[in-house]
Amino acid sequence: MQTITVIGNGRVGIALAIALKRAGLSIEDIVFRNTEPNVDLKATFGHGTKWLRWSEYAGSTSDVLLITTQDSEIRGVVDAMTDWASFPKVILHTSGALSSEILSGAREYGSSIGSLHPITAISDPVSGSERLSYSYFCVEGDALALSTAHRLVSLVGGNSFSIDSEHKALYHAAAVTAAGHVIALFDTAIEMLELCDLDNITSKKILLTLVQSGIANLMTGDPAKALTGPYKRGDLATVDLHLRALEAKVPQLIERIYLDLAERSAEMMLAADPENEKFKAIAEKIRIANKNAV
C-alpha cells in the first residue's frame with residue numbers, strides 16, 4: 001500500500017491527506033466537486049498530486065480510495081463506479097454515523113470496504129492534520145479494509161479501535177453526546193448564569209475554569225469518582241434549593257435538561273453505594289420531580 005486517492009476536499013479529507021503525505025504515502029489524486037483549492041493548498045502537496053473535478057474523475061489506480069464527502073454523497077460515489085475504468089483495492093469512508101455497508105456495491109468490483117472515522121474536531125485542515133497524531137479513530141469493515149485502516153491510523157500516529165458495523169450509529173451518537181452535546185450543555189449553563197445578571201463573556205470564563213477542573217478529575221478516575229457537588233456528597237437540601245430555583249426562574253427546557261442529568265448523577269452515586277440513604281433520598285426526589293415536570 002503506497003498510493004492514496006481522496007474524494008472530497010473538506011477539512012477532514014485534506015487533514016487526512018496532509019497527515020498521510022507527511023507519513024510518506026503518495027497522494028495521487030484529490031477529487032473535489034465545487035470549491036477550487038487555493039494555490040497554497042496545492043503547494044502543500046506538490047506536483048505529484050493531481051486535483052480533479054468530480055466531473056473529470058474516471059476511477060482510481062491508487063491502492064486506497066478515501067471518501068471524505070458529506071454522508072449524503074457517499075452512496076453516489078459507489079453508484080458512479082459503473083463508469084470507472086479502474087478500481088481501488090480498498091475503499092474507506094470517513095463518516096461517523098454510517099457503517100461500511102453504505103459501500104457494499106463496491107464489492108462487485110473487487111474492492112474491500114470499510115470506514116475510518118477520526119474522533120476529533122477539525123476546524124482547519126493544516127492544524128487538524130497535526131491533531132490526528134494523538135486522536136482516536138473508529139474503524140470497521142471487511143478484513144483487508146480493516147487492516148488497511150488500522151495501518152493508516154498507525155502511520156499518522158493515531159490510535160485505532162474496531163466495532164461491529166451494526167453499532168456504528170450508536171457509537172457516533174456517543175461521540176456527539178461527549179462533544180457536541182457537552183457544548184450545548186455549556187451553552188445552557190451560560191444562559192442560567194445570565195439569568196443571575198452575569199454577562200455572557202464573564203459567564204463563559206467562570207464556567208470554563210470549572211469544566212476544566214472537572215475534566216482534570218475525569219483524567220485520573222472513573223466518572224463516579226470524578227463527580228463533585230451535591231450529588232456526590234448526598235446533599236439533599238442543596239438539591240432541593242436547585243429544584244425550587246429552576247422551577248421559578250428558568251424555561252422548562254433548561255429545567256428538563258437539569259433534571260435528566262440530575263437523575264443520571266443520582267444513579268451513578270447509587271450504583272457506587274447502593275445502601276447510602278442520602279443517595280436514595282436524592283434519587284427519589286429527582287425521580288418525582290422529573291415525573292412531575294411538564
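The values are calculated or read from the model by the stated rules, or taken from the named source; none is laboratory data. Only a predicted model underlies this, so the values are computations on that prediction, with no experimental measurement involved. Glycine gets a Cβ as well: all are built from the backbone with ideal geometry, and neighbour counts include every protein chain shown.
Structure summary
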quantity: Pairs where the first residue, in region 74-95, is in the same structural domain as Ser112 (by TED's automatic domain parsing) and the second is assigned to a helix (DSSP H, G or I) and among the β-branched types (Val, Ile, Thr), C-beta under 6 Å, 6+ apart; calculated: Ile74/Ile102; Arg75/Ile102; Val90/Thr148; His93/Ile74; Thr94/Val12
quantity: Flag if Glu166 is surrounded by 16 or more Cβ atoms within 10 Å (Cβ to Cβ), in a helix (DSSP H, G or I), acidic (Asp, Glu) and touching a residue at least 12 places away in the same chain (Cβ under 8 Å); calculated: no
quantity: Residue, farthest from Val77 (Cα to Cα), within region 8-29, restricted to residues that are touching a helix residue (DSSP H, G or I) at 6+ places or on another chain (Cβ under 6 Å) and not charged (D, E, K, R); calculated: Ala23
quantity: Segments classed as strands (runs of 3 or more DSSP E), wholly inside region 1-77, with at least 2 members that are of a type in the set (Lys, Arg) and surrounded by fewer than 21 Cβ atoms within 10 Å (Cβ to Cβ); calculated: 50-53
quantity: Matching helices (runs of 4 or more DSSP H) fully within region 181-294 where at least 3 residues are of a type in the set (A, V, I, L, M, F, W, C); calculated: 200-219, 236-249, 252-272, 277-292
quantity: Check on Ser95, crowded, with 20+ Cβ neighbours inside 10 Å, part of a loop (DSSP other than H, G, I, E, B) and within 17 Å of the chain's Cα centre (by Cα); calculated: yes
quantity: Qualifying residue in region 110-127 (condition: in a helix (DSSP H, G or I), over 17 Å from the mean Cα position of the chain (by Cα), more than 18 Å from Asn9 (Cβ to Cβ) and in contact (Cβ under 8 Å) with a residue 24 or more places away in the chain); calculated: no
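Yes/no per residue for (1) modelled with pLDDT under 90; (2) over 22 Å from Gly105 (Cβ atoms):
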{"position": "Ile30", "(1), (2)": "no, yes"}
{"position": "Asn38", "(1), (2)": "yes, yes"}
{"position": "Leu41", "(1), (2)": "yes, yes"}
{"position": "Thr49", "(1), (2)": "no, yes"}
{"position": "Ser62", "(1), (2)": "no, no"}
{"position": "Leu65", "(1), (2)": "no, no"}
{"position": "Lys89", "(1), (2)": "no, no"}
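Listed here are the residues, each with its yes/no results for (1) touching a Phe, Trp or Tyr at 6+ places or on another chain (Cβ under 7 Å); (2) at pLDDT below 95; (3) within 18 Å of Leu193 (Cα to Cα); (4) in the same structural domain as Ala184 (by TED's automatic domain parsing).
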site: Gly221; (1), (2), (3), (4): no, yes, no, yes
site: Ala224; (1), (2), (3), (4): no, yes, no, yes
site: Asp235; (1), (2), (3), (4): no, no, no, yes
site: Ala245; (1), (2), (3), (4): no, no, yes, yes
site: Ala266; (1), (2), (3), (4): yes, no, no, yes
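Per-residue answers, yes or no, for (1) touching a Cys at 6+ places or on another chain (Cβ under 7 Å); (2) on the phi > 0 side of the Ramachandran plot; (3) at pLDDT 95 or above; (4) crowded, with 18+ Cβ neighbours inside 10 Å:
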{"site": "Tyr136", "(1), (2), (3), (4)": "no, no, yes, no"}
{"site": "Ala143", "(1), (2), (3), (4)": "no, no, yes, no"}
{"site": "Ala149", "(1), (2), (3), (4)": "no, no, yes, yes"}
{"site": "Ser154", "(1), (2), (3), (4)": "no, no, yes, no"}
{"site": "Gly158", "(1), (2), (3), (4)": "no, no, yes, yes"}
{"site": "Ala184", "(1), (2), (3), (4)": "no, no, yes, no"}
{"site": "Asp187", "(1), (2), (3), (4)": "no, no, yes, no"}
{"site": "Asp197", "(1), (2), (3), (4)": "no, yes, yes, no"}
{"site": "Ser203", "(1), (2), (3), (4)": "no, no, yes, yes"}
